[in-house]
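Accompanying notes for the structure given below.
Please treat every number below as a calculation from the coordinates, not as lab data. Here the structure is a predicted model, which is why all the values come from computation and not from measurement. A quick note on method: Cβ atoms are made from the backbone with ideal geometry, for glycine too, and the neighbour counts reach across all protein chains shown.
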Amino acid sequence: MTDAIKKVIELRAPIDRVWRAISDSTEFSQWFQADFESPFVAGSRSYATMNSQSCGRVRWFIEVVAVEAPNRLVFRWQPSADDPTLDYSSEPMTTVEFTLRPTDTGTEVTIVESGFDALVDPARRAAAFAGNTKGWAFQADNLVRYFDEN
Amino acid sequence: MKTEATTAQFIDVFAALADANRQALLLKLDASQSRSITELAGDLPLTRQGVTKHLRALERAGLARSARSGRETRFLAEPGALREAAGYLERISGQWDQALERLRQHVEDQ
């Protein structure tokens, strides 16, 4: 499986501290800006309500796939399900995987969100087009380059 | 009210892009000048029927549009759908950047 969106960040905190911040649903709620109603348990759903002002107060859930201390948390969810007026029940789910790795100065956190479709490569290519304002010709150029490289 | 785009809206775009022949056809389309099926078929290993089928798939995904010219159907590129799909992924990517910055503050400020 190819990743769709990948983020790597290094934090100046020990791995146990970072693990607590992502695996404890109460702590996760604090930084993620969502109020989770139950702990993260593999194989179960945890419902949450966004608590930042910019988001509608829609209730949504994650399906927890794996909680493996001290370095791996995996869940599935429906990305951008943040408009209370829309029905997201038929939306496809993506998979979010947190991986923690200790470093000399702290902890490296990698987040991969995958499954925007089975068609992740085109999704990545589309992402590479983002910000492009030069129009169609430029996008076509990118596509050609993609074919040449693959 | 403008509602936030959702994944389902872009499934068709991602699906349409997942095929090499459709990618090749997409490259041959122009946003302002329509092309005939014969022109677009070019050296692709496809029957005329196959080319038409793929062009219709691109059209359904919003990546192309067709225009009648007499008895002939011609096709144009519709770049907006691709840009919107890209923008959608960019937004999700940006949300992760913000969430990770809050995670940093959460674990480093204690």
Which one, B:Ala31, B:Leu55, B:Leu89, projects farthest toward the positive side of the charge dipole computed for chain B from Cβ point charges (K/R +1, D/E -1)? B:Leu55
Once you list every other residue whose beta carbon is under 14 Å from the beta carbon of B:Leu40, what net charge do they have if Lys and Arg are +1 and Asp and Glu are -1? +3
Label model pair B:Trp96, B:Glu108: point-to-point distance (7 angstrom along the Cα→beta-carbon line) in nm is 1.9 nm
May I ask for the distance between the Cα centers of the range A:24-54 and the range B:27-66, given as a whole number of Å? 46 Å
